[in-house]
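The values are calculated or read from the model by the stated rules, or taken from the named source; none is laboratory data. Treat the numbers as computed from the prediction; the structure is a model and nothing was measured. Please note: Cβ atoms are built from the backbone with ideal geometry, for glycine as well, and neighbour counts cover all protein chains shown. Just so you know, the surface numbers come from the protein's heavy atoms only, side chains and all, with ligands and any DNA or RNA stripped out. Shrake-Rupley method; radii C 1.70, N 1.55, O 1.52, S 1.80 Å.
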Amino acid sequence: HPLTFFRALCLSLSVKGMTPGDLLTEKDSSTSLASVVMDAAAVALKERRELRSEMDEDDGDAEDPTASVSAPLCAAAVQHISQKFLSGSQTQSVKVAAWRLLDGLCRYSGSRESAPLLQDVLPIASSCLTAAKRNQGQEPRVSIACCLCVETIVLCLGRRMLDRLNVLASPLLDLAADGKAISADADAALLDQRVIWALRALAKSVGAFLSPFLGQFLKVATEAALPLRTQALQDLGTDLVAGVPHRLLLPSVQVAFGEVAFSSSDGAASLDAALVRMQRLAIFEVWILSEATPELVAVGSDATCSALLRLLGASAQAARAFLAAGLRPEHLPTRLFRRDLTGRSASVLSAVNAEELSWSSSGSEASVRQLHMLAATAFSQYALRLELEELKIRFSKVLEFARGKQQMTLEHQASRSSAPVEIAEISKDAEDACRGLALTATMTCIAAEAPGVADELLLPVASKDLASCITASRVFALQLAVQQRAAAKKRRKLAGAAAAPRAPRAGNEVLQGHTWWWFEVASASLEFVASALKPPGGAGGVQPKSVEDAIEVLRDPCTEILDIFEFLPPADDSTLAAGLMRVLSGALVALAFASTGEVVKRLVQAVLEKTRAGDAEVRLTAVRCVHRIWTDLGVQVVSCLSEVVMFASELLEDEDQRIETAVRAMVKTMEDCTGESLQDSLKG
């Protein structure tokens with residue numbers, strides 16, 4: 001009996017015009033009774049919703065069909081409660097009871113009587129939230145109850161509450177901005193969660209009208225926060241993407257790219273926070289562009305391209321700030337790039353599905369590697385919506401960005417002499433290397449999304465940049481090796497007779513702890529070569545002229561990388577050496593896959609020449625690379641059989657037992673591929 005219920009409620013609360021005479025005149029007793037009545041009424045309304053949900057199997061939060069009959073009584077109760085029981089003179093318990101009942105009344109009546117909610121409740125809610133922000137003696141439970149009611153009102157009224165949007169959005173955003181520093185206090189954490197839910201309600205209900213506040217919304221959603229807050233912020237982000245028109249949200253996200261500052265003066269924590277913000281903004285960009293129409297991309301193509309270049313360039317800014325803060329270059333791979341050699345190579349990247357992205361997986365730990373992946377994925381989504389000619393223009397901007405003032409990416413580093421690197425060059429090298437990594441990440445993601453583009457666009461215009469990157473990695477690695485070996489020799493000399501005896505090769509293994517930046521750049525470049533020249537399901541054999549030219553340019557730089565293994569521990573004992581060998585052998589397989597006849601012979605011959613190197617690790621790695629070529633391609637490389645047999649016969653007499661074992665394994669694979677015994681040829 002809704003009418004009876006609401007008449008009794010109005011009578012008990014002394015609603016003006018609905019209470020006979022001075023039935024409840026004593027303030028203390030009337031307030032005490034009102035608190036009990038409001039609590040009980042809120043519970044009753046909740047039970048009614050739950051009962052309707054069970055009986056009708058519908059949404060219990062849907063508007064009650066009896067609400068129209070009780071609308072005048074409900075409106076009068078809302079107005080009375082907001083004016084009498086939410087004033088500053090009431091106790092905290094009374095205010096909590098009042099907010100809970102208002103929440104129940106709003107859920108019951110829906111949007112039928114919006115005037116009291118707009119004119120009385122929302123202004124008071126704004127004051128309540130402002131008081132919570134200023135810590136003006138208000139208990140968190142009052143603010144929590146207020147947020148719950150606000151969320152309900154926003155969802156119920158939708159666009160009807162636009163006149164109060166300014167009043168409501170600002171204090172909510174201010175409270176949410178404070179949430180990044182919440183303590184372990186349960187009430188504070190719960191309040192923060194309810195504030196974020198209220199913001200989510202705004203995004204869902206009036207997202208199309210949030211333009212003045214989008215910058216603040218994005219700042220809240222992308223804030224580096226405690227783990228307990230991460231999922232809530234991601235949910236806010238997904239609601240923004242779903243509720244705000246992309247023609248409004250995309251420019252706001254791109255403006256936010258330029259507002260993130262990488263400062264060296266505020267310490268490592270500030271740098272991590274800036275990186276996390278950029279990663280989350282990049283996820284926004286991926287989400288939006290993955291759903292964008294070609295028409296939307298075309299409207300703001302210049303702005304989008306410029307914003308993506310800023311996103312790709314953020315890693316260089318982070319590296320510069322890292323070094324300016326006094327941190328050591330050798331810590332960059334683990335501290336800033338979050339290198340992980342337990343799985344794939346540290347710099348191997350691939351495009352990801354937008355649906356798979358989350359704050360916890362890609363936006364919770366500050367990582368330049370993750371940022372490259374996200375930025376490259378965003379660019380690939382942008383590229384998919386462009387015509388090929390337009391894409392050529394846009395990709396040329398990426399090349400210009402990666403090259404900086406050089407003719408080719410990392411050209412200066414590739415042509416550098418063996419003299420020690422000056423301190424002033426370390427930061428410049430870091431920035432150039434980050435831009436090179438951004439380039440290879442972008443090409444890898446584009447090639448993964450549109451394999452044909454690699455042949456038509458990426459390899460023709462960027463193969464020389466790739467060759468320069470690979471060469472620069474080798475030059476810098478060997479330069480470091482010379483410096484570190486000399487330093488190690490000096491330390492041993494100073495230690496004198498007290499120094500512990502060393503293994504015969506230990507003096508050479510000097511690069512294990514000195515891998516920035518050559519390892520990242522080499523791995524990323526080689527991985528792109530592997531993915532571009534041997535895509536899944538691709539066909540070998542005759543290739544376009546652009547691919548043949550790229551193979552010619554890349555052959556020598558790739559094979560020369562084998563020289564680095566002289567200064568690394570054995571691949572069987574080092575995850576770093578094993579990772580480099582994995583991507584190098586993959587690139588060599590791809591080069592052989594895309595080659596024919598004499599080109600394959602020249603490639604395999606170049607690798608086999610390294611089996612005559614003075615260092616056993618170089619010889620062993622070369623054998624393993626040739627073995628993988630045969631394993632992966634089989635009879636496709638049978639044209640180089642005689643050359644391999646000739647070198648194998650020499651290597652069977654190698655003084656290193658591991659090399660002899662590796663050669664015999666390779667010969668066995670070759671025999672399985674050809675179906676013929678090679679023993680007589682080896683003896684001959």
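Do you know which residues across region 498-532 are outside any helix (DSSP H, G or I), modelled with pLDDT of 80 or more, of a type outside the set (A, V, I, L, M) and surrounded by 22 or more Cβ atoms within 10 Å (Cβ to Cβ)? Don't jump to the end; show me each part of the working.
Taking region 498-532 and keeping what is outside any helix (DSSP H, G or I), we get 499-505, 509-517.
Applying the additional criterion that residues be modelled with pLDDT of 80 or more yields 510-517.
Those left that are additionally of a type outside the set (A, V, I, L, M): 512-517.
Selection gives THR515, TRP516, TRP517.
Could you check region 143-172 and list, in sequence order, the residues that are in contact with a Lys or Arg (Cβ under 9 Å, 6 or more places away or on another chain) and either at pLDDT below 90 or open to solvent by 50 Å² or more (accessible area, probe 1.4 Å) (or both)?
LEU148, LEU155
Do we have LEU175 as within 16 Å of CYS147 (Cβ to Cβ), among the hydrophobic types (A, V, I, L, M, F, W, C) and either within 25 Å of the chain's Cα centre (by Cα) or modelled with pLDDT of 95 or more (or both) here?
In short, no.
crowded, with 17+ Cβ neighbours inside 10 Å and at pLDDT below 90: is that true of GLY110 in this structure?
Here the answer is yes, as GLY110 does meet what is asked.
Just a yes or no: is a residue in region 254-261 crowded, with 24+ Cβ neighbours inside 10 Å and not small (Gly, Ala, Ser)?
Checking region 254-261: not a single residue is crowded, with 24+ Cβ neighbours inside 10 Å and not small (Gly, Ala, Ser).
Taking region 359-402 on its own, how many of its residues are of a type in the set (D, E, K, R), assigned to a helix (DSSP H, G or I) and under 24 Å from ALA319 (Cβ atoms)?
Applying the first criterion (of a type in the set (D, E, K, R)) to region 359-402 yields 365, 369, 385, 387, 389-390, 392, 394, 397, 400.
Keeping just the survivors that are assigned to a helix (DSSP H, G or I) gives 369, 389-390, 392, 394, 397, 400.
If we keep only those that are under 24 Å from ALA319 (Cβ atoms) too, we end up with 369, 397, 400.
Of the residues in region 359-402, 3 are of a type in the set (D, E, K, R), assigned to a helix (DSSP H, G or I) and under 24 Å from ALA319 (Cβ atoms).
Which members of region 236-269 meet the condition of being under 19 Å from SER367 (Cα atoms), of a type outside the set (D, E, K, R) and in a loop (DSSP other than H, G, I, E, B)?
Selection gives GLY258, VAL260, ALA261, PHE262, SER263, SER264.
Pick out the one residue from VAL461, VAL482 that is at pLDDT 80 or above, of a type in the set (Val, Ile, Thr) and more than 30 Å from MET373 (Cβ to Cβ).
VAL482
Of the conditions (1) closer than 21 Å to PRO212 by Cβ; (2) hydrophobic (A, V, I, L, M, F, W, C); (3) at pLDDT 95 or above, LEU308 fails just one. Which one is it?
Tallying (1) closer than 21 Å to PRO212 by Cβ; (2) hydrophobic (A, V, I, L, M, F, W, C); (3) at pLDDT 95 or above, LEU308 fails exactly one: (1).
Please find, among LEU248, LEU275, LEU233, the residue that is within 19 Å of GLY207 (Cα to Cα) and modelled with pLDDT under 95. Lay out the reasoning, then the answer.
On the way: LEU248 fails: modelled with pLDDT under 95; LEU275 fails: within 19 Å of GLY207 (Cα to Cα).
Exactly one residue qualifies, and that residue is LEU233.
Given the conditions (1) in a helix (DSSP H, G or I); (2) farther than 13 Å from ILE561 by Cα; (3) out of contact with any Pro (no Cβ under 9 Å at 6 or more places or on another chain), report the number of the one that THR621 does not fulfil.
(2)
Would you mind finding the one in PRO570, PRO536 that is modelled with pLDDT under 95, outside any helix (DSSP H, G or I) and open to solvent by less than 30 Å² (accessible area, probe 1.4 Å)?
PRO570
Pairs please, first residue from region 298-313 and without any contact (Cβ under 8 Å) to a residue 60 or more places away in the chain and of a type in the set (Gly, Ala, Ser), second anywhere and part of a helix (DSSP H, G or I) and crowded, with 17+ Cβ neighbours inside 10 Å, Cβ atoms under 7 Å, 6+ apart in sequence or on different chains.
Close Cβ pairs (under 7 Å, with a partner that is part of a helix (DSSP H, G or I) and crowded, with 17+ Cβ neighbours inside 10 Å) amount to GLY300/LEU250; ALA303/GLN254; ALA307/GLN254; ALA307/PHE257.
Using the structure shown, decide if ALA224 is buried (at least 18 other Cβ atoms within 10 Å of the Cβ), of a type in the set (Gly, Ala, Ser), at pLDDT below 95 and not in a helix (DSSP H, G or I).
yes
Quick one: in region 668-680, which of the residues that are in contact with a helix residue (DSSP H, G or I) (Cβ under 6 Å, 6 or more places away or on another chain) and of a type outside the set (Ser, Thr, Tyr) is most open to solvent (accessible area, probe 1.4 Å)?
CYS673
Hey, PRO140 hits all of (1) of a type outside the set (Asp, Glu); (2) more than 23 Å from LEU173 (Cβ to Cβ); (3) surrounded by fewer than 23 Cβ atoms within 10 Å (Cβ to Cβ) but one; which does it fall short on?
PRO140 satisfies every listed condition except (2).
Among the residues of region 282-314, what is the count of those that are among the hydroxyl-bearing types (Ser, Thr, Tyr) and open to solvent by less than 30 Å² (accessible area, probe 1.4 Å)?
Initial filter on region 282-314 (among the hydroxyl-bearing types (Ser, Thr, Tyr)): 290, 293, 301, 304, 306.
Filter once more, keeping what is open to solvent by less than 30 Å² (accessible area, probe 1.4 Å): 301, 304.
Of the residues in region 282-314, 2 are among the hydroxyl-bearing types (Ser, Thr, Tyr) and open to solvent by less than 30 Å² (accessible area, probe 1.4 Å).
Count, please, the residues in region 81-124 that happen to be more than 13 Å from THR31 (Cβ to Cβ) and touching a residue at least 60 places away in the same chain (Cβ under 8 Å).
The number of residues fulfilling the criteria is 7.
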